[in-house]
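Before any comments, here is the structure.
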Amino acid sequence: MSSDRKQKTADLLTICNKAGRTVKGFDSVCSAVAEGKAFCVLAAADASEKTVKEAAFVCRKYGVKLLITELTKDDTARLCGKATAVIAVCDAGFAGGFEKIVSS
């Protein structure tokens, strides 16, 4: 696991959240995906297997990428003010940035 990649993900998430382009919490994320608002979904490294499986199902159904990050739920709490296992990214530019970081 690259701490550099984790830091880049954290930095981008902070900017994305401040820009108001994130949706946090499982039910809200699923709604954003179904409504076509989400460009990708970020999953915490310590998200439960069930949460990841259900998020992956919803993402596949609507053609949205699910990215497993190196951030933990505690990290999301620190960065976004809410501990959550999944975060929808509702901006194409930010989503592209997360994809580049996670796949590097």
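At a glance:
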{"read-out": "Leading residue by the ranking (surrounded by the most Cβ atoms within 10 Å (Cβ to Cβ)) among those in segment 65-80 that are in contact with a Lys or Arg (Cβ under 9 Å, 6 or more places away or on another chain) and of a type outside the set (Val, Ile, Thr)", "value": "Leu71"}
{"read-out": "Matching option when the condition is touching a Leu at 6+ places or on another chain (Cβ under 7 Å) and not acidic (Asp, Glu), among Phe57, Phe39, Phe94", "value": "Phe94"}
{"read-out": "Residues being among the charged types (D, E, K, R), farther than 17 Å from Glu70 by Cα and crowded, with 17+ Cβ neighbours inside 10 Å - total across segment 5-23", "value": "1"}
{"read-out": "Residue list for segment 81-92, filter: among the hydrophobic types (A, V, I, L, M, F, W, C) and surrounded by fewer than 18 Cβ atoms within 10 Å (Cβ to Cβ)", "value": "Ala83, Ala92"}
{"read-out": "Residue count, segment 1-52 (criterion: touching a residue at least 12 places away in the same chain (Cβ under 8 Å) and acidic (Asp, Glu))", "value": "1"}
{"read-out": "Matching option when the condition is of a type in the set (A, V, I, L, M, F, W, C), open to solvent by 40 Å² or more (accessible area, probe 1.4 Å), at pLDDT 95 or above and within 21 Å of Lys100 (Cβ to Cβ), among Phe26, Phe39", "value": "Phe39"}
{"read-out": "Odd one out for Lys65 among (1) of a type in the set (Lys, Arg); (2) in contact (Cβ under 8 Å) with a residue 24 or more places away in the chain; (3) over 19 Å from Val33 (Cα atoms)", "value": "(3)"}
{"read-out": "Checklist (1) of a type outside the set (Val, Ile, Thr); (2) surrounded by fewer than 16 Cβ atoms within 10 Å (Cβ to Cβ); (3) farther than 13 Å from Lys6 by Cα applied to Ser104, failing item", "value": "(3)"}
{"read-out": "The listed residue being among the polar types (S, T, N, Q) and either modelled with pLDDT under 95 or farther than 14 Å from Phe98 by Cβ (or both), out of Thr9, Thr72", "value": "Thr72"}
{"read-out": "Number of the condition not met by Ser2 [criteria: (1) within 14 Å of the chain's Cα centre (by Cα); (2) surrounded by fewer than 18 Cβ atoms within 10 Å (Cβ to Cβ); (3) modelled with pLDDT under 95]", "value": "(1)"}
{"read-out": "Wholly within the chain, strands (runs of 3 or more DSSP E) carrying at least 2 residues that are out of contact with any Ser or Thr (no Cβ under 8 Å at 6 or more places or on another chain) and not β-branched (Val, Ile, Thr)", "value": "65-68"}
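The values are calculated or read from the model by the stated rules, or taken from the named source; none is laboratory data. Since we're looking at a predicted model, the values are computed, not measured. Counting neighbours? That spans all protein chains shown, and the Cβs are built from the backbone with ideal geometry, glycine included. Surface areas here come from the heavy atoms of the whole protein model, side chains and all, with no ligands, DNA or RNA. Shrake-Rupley method; radii C 1.70, N 1.55, O 1.52, S 1.80 Å.
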